[in-house]
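The values are calculated or read from the model by the stated rules, or taken from the named source; none is laboratory data. Computed from a predicted structure; not experimentally measured. Using ideal geometry, Cβ is built from the backbone for each residue, glycine included, and neighbour counts are taken over all protein chains shown. Protein only, heavy atoms only, side chains kept; ligands, DNA and RNA dropped before computing areas. Shrake-Rupley method; radii C 1.70, N 1.55, O 1.52, S 1.80 Å.
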Amino acid sequence: NFNEAKFITFSMLIFCAVWITFIPAYVSSPGKYTVAVEIFAILASGFGLLFCIFAPKCYVILAKPELNTRKHLMGKMPSRSL
């Protein structure tokens, strides 16, 4: 099963949530802290994207290696009968 749409969707939700919360934090922060708020938003959104997309893959590779075989991936396909 190569469906990654749910991981991409969740990573986009995190990306949008970080930048939506960035706006009031940026407006309310005093002068010298605005750069720190920008950097934190950039790093948090990037880390959220990477984590949501690659964490499930790393989990399967490291914690469940029996799921990471060609036989398991190809055996999950439903058979068609006419």
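A few comments on the model shown:
- Residue tally, condition in contact with a helix residue (DSSP H, G or I) (Cβ under 8 Å, 6 or more places away or on another chain) and charged (D, E, K, R), over the stretch 34-69: 2
- Pair list, Cβ under 8 Å, 6 or more apart: the stretch 1-24 residue farther than 14 Å from K57 by Cα and open to solvent by less than 80 Å² (accessible area, probe 1.4 Å), other residue assigned to a helix (DSSP H, G or I) and of a type in the set (D, E, K, R): F22/E38
- Options A55, A41, A63, A36: the member that is at pLDDT 90 or above and touching a Phe, Trp or Tyr at 6+ places or on another chain (Cβ under 6 Å): A41
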